[in-house]
Amino acid sequence: MSKVVGIDLGTTFSAIAELDDLGNPEVLSDPESGNRITRSAVYFGKDKVIVGEKARDASITSPKKVVFKVKREMENEVIYSLSSGEFKEDDGKIKGYTPSQISSLILSKLKDYTSSVKKAVITVPALFAERARSATLEAAKLSKLDIELINEPTAAVLHYSNLPGISLNGRVLIFDLGGGTFDITIASVKGKKVDVITSVGDKELGGEDFDKEILDLLNKKYKKLKGKSIDVNDRSLFDVAEKIKKLLSTKEKVSEIIEGPKGPAKIDISRKEFESSIDTYLEKIKMLMEEALERAELKASNINQTLLVGGSTRIPIVTEIIKKIMKKAPIKGVNVDEAVACGAAIYAGIQNKDKLNSAQKKAVSKVELNDVCNFYMGTLIIVRDPEKDRYVEVNDVVIPRDTKLPCSITKNYQVLVDDQKKIDCSVTQSEGEERDVEFINIIANEPLELRKGAKQGDPFKVTYSYDLNGSMHCIFEEVKSKKKQELNLKPGTSKDFKELRESLDFDIE
Ligand SMILES: Nc1ncnc2c1ncn2[C@@H]1O[C@H](COP(=O)(O)OP(=O)(O)OP(=O)(O)O)[C@@H](O)[C@H]1O
Ligand SMILES: [Mg+2]
């Protein structure tokens with residue numbers, strides 16, 4: 001029987017989980033190393049690829065051949081070049097691998113921790129844009145997985161709400177600080193029924209950024225002691241920085257011997273120094289927590305519990321900040337590295353009930369999930385700007401952010417001038433409520449020929465229907481002639497990703 005699994009495809013670590021025979025999520029270990037989480041690092045050898053901790057080790061001697069943090073590139077049209085060891089803009093000439101191809105290698109590795117996996121739920125940050133979601137779906141296709149996506153904090157709350165001994169009731173705040181991204185989601189939970197209210201976040205805020213700050217501190221201190229800088233691009237120093245950061249979660253001070261151009265130097269870093277080096281990130285975290293509460297129109301006192309997700313929530317100052325803002329300590333005792341993968345496995349079970357045994361079916365029977373649209377979805381229209389005294393193109397929102405899914409919204413517009421020949425039907429996505437076309441992403445654009453003799457002011461309507469899985473059906477209609485342009489935006493069919501690159505034919509270790 002083919003299995004259904006949940007996969008947390010993380011910036012720094014990934015994990016895969018399935019439902020055990022009783023319907024409880026269970027993280028699967030790498031059969032070779034026994035590790036329950038797998039480093040999201042990929043080493044390209046001559047005719048084989050290595051994924052995981054060993055790939056990271058290989059980066060010390062062959063740094064250009066190892067790709068880290070590919071998740072941060074998922075929304076970009078870039079290629080990883082092995083000769084330069086960097087992601088570069090895809091101009092059609094560079095030889096190398098796309099972010100989807102690289103992610104597919106991580107997925108293929110995880111998939112092999114068990115057998116007969118066909119269906120999977122893969123998690124993505126709540127604020128992953130359409131292109132990044134499409135690229136994730138493309139990666140799944142390349143690794144021959146039939147998948148659905150779910151937002152990471154949503155998966156985590158599903159896991160928490162299914163834990164024996166934890167009873168979630170009322171509003172909860174899910175605080176997810178991982179290696180690369182930061183997400184906050186506020187949801188309303190009643191037993192196993194989860195209604196997401198809002199999500200905010202920062203795609204570029206996580207443990208990797210903190211490692212860089214430690215590296216900077218090491219560099220400054222080495223320079224002061226020895227008069228020369230260390231090589232901040234040396235991968236082994238990144239590992240030292242991460243190790244120091246982790247130790248500082250339990251110790252007040254860490255001493256480490258740092259090798260540099262002027263020989264070894266013993267360097268001390270205190271927790272206080274680390275905390276002040278990441279101060280701007282901490283401020284951003286506080287700001288986003290306030291923003292999440294504001295969006296949900298709630299006060300901290302209205303939130304019953306804070307749930308922690310992500311390895312970076314082990315940093316003591318992070319929990320102190322949470323306690324200060326929420327006036328209550330977060331729930332403890334859950335494995336913050338595994339919550340997302342476990343929640344994804346539960347969701348995979350709900351979506352594929354036909355593949356479950358009766359105990360598993362029973363376990364997920366009461367689970368219910370309602371999510372919201374995490375972006376403003378809009379269209380481009382032309383309006384008269386009285387100040388500039390000319391026509392300008394602006395973005396007009398059709399589906400506001402945080403609208404409950406599924407939804408269907410119609411907006412009415414008009415033909416602009418007599419004898420107008422066509423209308424550009426465009427679908428836009430933005431994090432903010434933007435009118436300025438500079439700040440939006442156009443995710444689809446097709447023309448619609450209008451009927452002959454169309455008149456200024458003729459009605460024109462636009463309907464967007466968005467379902468729970470992130471598929472959007474858009475209808476642009478000239479009302480009098482009933483002429484229509486219909487755009488089906490399933491994640492994964494976004495214009496830029498129409499051409500699926502080839503699967504990489506490597507042996508994966
Ligand atoms: N004890 C600790 N103290 C501080 N940081 C830690 C600790 N343990 C793990 N981390 C950090 O947590 C991060 C990994 O967390 P996690 O696995 O949740 O992230 P991810 O899923 O890879 O990233 P993302 O969710 O952002 O894509 C790394 O940066 C790691 O250094
Ligand atoms: Mg994560």
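Data for the structure
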item	result
Equivalent-ellipsoid semi-axes of segment 376-495, from the Cα gyration tensor, Å, largest first	24, 18, 12
Compactness index (Cα Rg / 2.2 N^0.38 Å), the chain	1.04
Distance (nanometres) between label positions extended 7 Å along Cα→Cβ at ASP389 and ASN412	3.2 nm
ILE382 paired with GLN420, simple spin-label distance in nm, labels 7 Å along Cα-to-beta-carbon	0.7 nm
Descending Cα extents along the principal axes, segment 165-221, whole Å	51, 25, 12
Gyration tensor (Cα) of segment 207-277, equivalent ellipsoid semi-axes in angstrom	18, 13, 10
The chain, helix-only ellipticity at 222 nm - DSSP H runs n ≥ 4, -39,500 (n - 2.57), divided by all residues, nearest 500	-8000 deg cm²/dmol
Long pairs among LYS3/LYS355; LYS455/LYS482; LYS46/LYS141; LYS220/LYS272; LYS141/LYS404, criterion Cα-Cα beyond 19 Å	LYS46/LYS141; LYS141/LYS404
Degrees between helix 235-247 axis and first principal axis of the chain (Cα, 0 to 90, nearest 10)	80 degrees
Distribution of pairwise C-alpha distances over segment 36-167, 10 Å bins, in %	12, 38, 34, 13, 3, 0
Cα long-axis angle, helix 279-295 against the chain (0 to 90 degrees, to the nearest 10)	40 degrees
LYS324/GLU252 FRET efficiency (R0 22 Å; Cβ-Cβ; nearest 0.05)	0.65
Cβ-derived FRET efficiency at R0 35 Å, SER33 paired with LYS404, nearest 0.05	0.25
Average Cα contact separation per residue, the chain, under 8 Å, 6 or more apart, as relative contact order %	16 percent
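Each value in this text was obtained by applying a stated rule to the coordinates, not by laboratory testing. Since this is a predicted model, take the numbers as computed values, not measurements. As a convention, Cβ positions derive from the backbone with ideal geometry for all residues, glycine included, and neighbour counts pool all protein chains shown.
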